[in-house]
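Engineer: Sharing a structure with you now.
Every number here is computed from the coordinates shown, using simple stated rules; none is lab data. If you're wondering where the values come from, they're calculated on a predicted model, not measured in any experiment. Reconstructed Cβ throughout: ideal geometry from the backbone, glycine too, with neighbour counts over all protein chains shown.
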Amino acid sequence: MLGKNAAEIFADGSEIGNALLDAFGQHHGLMQQEFQNAVGERIIASLDFIEEDSEQIGALMVLRDAESVRRIENEIEISHRLAAAGRLVSGVGHEVKNPINAIVVHLEVLRQKLRDIDPDARRHMDVIGSEIQRLDRVVQMLIDFTRPVELRLGDVDLRKLGEDVALLASPEAARQGVIVRREWGTEPLFARIDADLFKQALLNVVLNGVQAMPKGGDLWMSASRIGNEVELTVRDQGAGIAPDIRDKIYNLYFTTKKSGSGIGLAMAFKVVQLMNGSMDFDSIVGTGTSFHIRVPLLGSGREAQTPPPFAAMREIGVQAEIGKK
Ligand SMILES: Nc1ncnc2c1ncn2[C@@H]1O[C@H](COP(=O)(O)OP(=O)(O)O)[C@@H](O)[C@H]1O
Ligand SMILES: [Mg+2]
């Protein structure tokens, strides 16, 4: 741009270009004014005129990419939310577990006692029994989700891991007429991760992509190095994610699918974060969605470490009273 006039540089007719030309023309500055570029990303612009001895010698324009700031803010907010929800949920989960155990044991006693008196009562007992079991599974899942995990870290080439996940996903992809295309490149991309957890997280993202294309299509998986990080991208040609649900998809139990669980992305987010990574997505409704998962490259000095042991969780057994007749 050296040697060019401002009028040439900003003559593209964009919102920001027009505003800047206007400001130049009328010789008024801009203070941290916000604009959107053509693809909807936020840019903050400032313009100051510089004078010396009341003679104008130049202008200083600062353009700031507010998009990356917004993304980071978003991620921090999500992890705060997940952490807060996690604390609450694990507390409640443990509290609920005890009465459930007590109910199960007492139900069994009651079943025995009623057996001879009223055979028909068994039917009701069975229903109560199976419903309690269901409740127990839900609670257990919550506890598992929020339990501090012990990372089994290893140095893994993410291209290899990606290929494993592609194979894991291929039966479901084939069933829906989705072709999983891969682009791993030739450069090894090592990161220090828990391979099992990471595979599960990536698989969740890939399966979402497959499920977003009920009529088939192409799903692209790729890995590349970006600075000090490895980035895995999963791109689908599905329906896209509507703007009004974009800040909800990482929430535990948020789903728009008839038989969805809403666990996949919450789990993926948590796992990636445990490995000092981050994830985000961009989506165009009607065109498709790309998810990006980034983790520190091995040797970058930001690798995950096994966290210090958490305070042992209280595992409270069945209450003593149950043993009594
Ligand atoms: N690739 C995608 N394309 C469109 N929507 C998606 C995609 N990935 C996730 N979503 C949305 O995010 C929601 C939550 O995803 P997830 O946590 O995996 O739960 P589930 O798959 O059980 O619904 C999905 O129900 C869907 O609405
Ligand atoms: Mg899912």
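Engineer: Out of the range 252-290, which trypsin sites (Lys or Arg not before Pro) are coil in DSSP terms and have no more than 14 other C-beta atoms within 10 Å?
Structural biologist: Values: sites: K257, K258, K270; in loops: K257, K258.
Sparse-neighbourhood loop trypsin sites (Lys or Arg not before Pro): K257, K258.
Engineer: While we're looking at this one, here's another question. Counting only C-alpha contacts under 8 Å and six or more residues apart, can you give the relative contact order of the range 6-68 as a whole percent? Write out the running numbers ahead of the final one.
Structural biologist: Numbers: 88 pairs, mean separation 14.6, N = 63.
Worked out over the range 6-68, it gives 23 percent.
Engineer: Could you pull out every one of the lysines with an alpha carbon less than 29 Å from that of K113, ignoring same-chain neighbours closer than 8 positions?
Structural biologist: Once the sequence-local lysines are set aside, what remains near K113 is K97, K324, K325.
Engineer: I'd like the projected area of the range 6-68, averaged over all directions, using the convex hull of its alpha carbons. Report it in nm² with one decimal. Walk me through the numbers on the way to the answer.
Structural biologist: Working: hull surface 17.8 nm².
If I average the Cα hull's projected area over directions, I get 4.5 nm².
Engineer: Restrict the search to the range 156-250; then list the trypsin sites (Lys or Arg not before Pro) that DSSP places in a loop and that have at most 14 other Cβ atoms within 10 Å of their Cβ.
Structural biologist: Numbers: sites: R159, K160, R175, R181, R182, R192, K199, K215, R225, R235, R246, K248; in loops: K215, R246, K248.
The qualifying sites are K215, R246, K248.
Engineer: Same structure, new question: With just the Cα atoms of the range 149-315, tell me how far they stretch along each of the three principal axes, in Å, largest first.
Structural biologist: Taking max minus min along each principal axis of the Cα atoms, the range 149-315 gives 46, 45, 28 Å.
Engineer: Can you give the Rg and Dmax of the chain based on its C-alpha atoms, in angstrom?
Structural biologist: Every Cα atom of the chain included, Rg and Dmax give 27.5, 106 Å.
Engineer: May I pose another question? Would you mind checking K248/K270; K160/K248; K199/K270; K160/K270; K199/K248 for any pair whose Cα atoms are more than 25 angstrom apart? Let's see the in-between values first.
Structural biologist: On the way: K248/K270 15 Å; K160/K248 31 Å; K199/K270 13 Å; K160/K270 22 Å; K199/K248 23 Å.
Too far apart for the 25 Å limit: K160/K248.
Engineer: Right, next: In Å, what Rg and Dmax follow from the Cα atoms of the range 257-310?
Structural biologist: My reading of the Cα-based Rg and Dmax gives 14.8, 46 Å.
Engineer: May I ask you to list the GluC sites (Glu not before Pro) in the range 143-173 that are in a DSSP loop and have at most 13 other Cβ atoms within 10 Å of their Cβ? Could the numbers behind the result be given before it?
Structural biologist: Values: sites: E150, E163, E172; in loops: E150.
Sparse-neighbourhood loop GluC sites (Glu not before Pro): E150.
Engineer: So for the range 70-148, what percent of the C-alpha to C-alpha distances run longer than 15 Å?
Structural biologist: In whole percent, the share of Cα-Cα pairs in the range 70-148 beyond 15 Å is 66.
Engineer: How would you rank L197, L88, L135, going from fewest to most other Cβ atoms within 10 Å of each one's own Cβ? Intermediate values should be presented prior to the final figure.
Structural biologist: On the way: L197 20, L88 11, L135 14.
Arranged by neighbour count, lowest to highest, L197, L88, L135 become L88, L135, L197.
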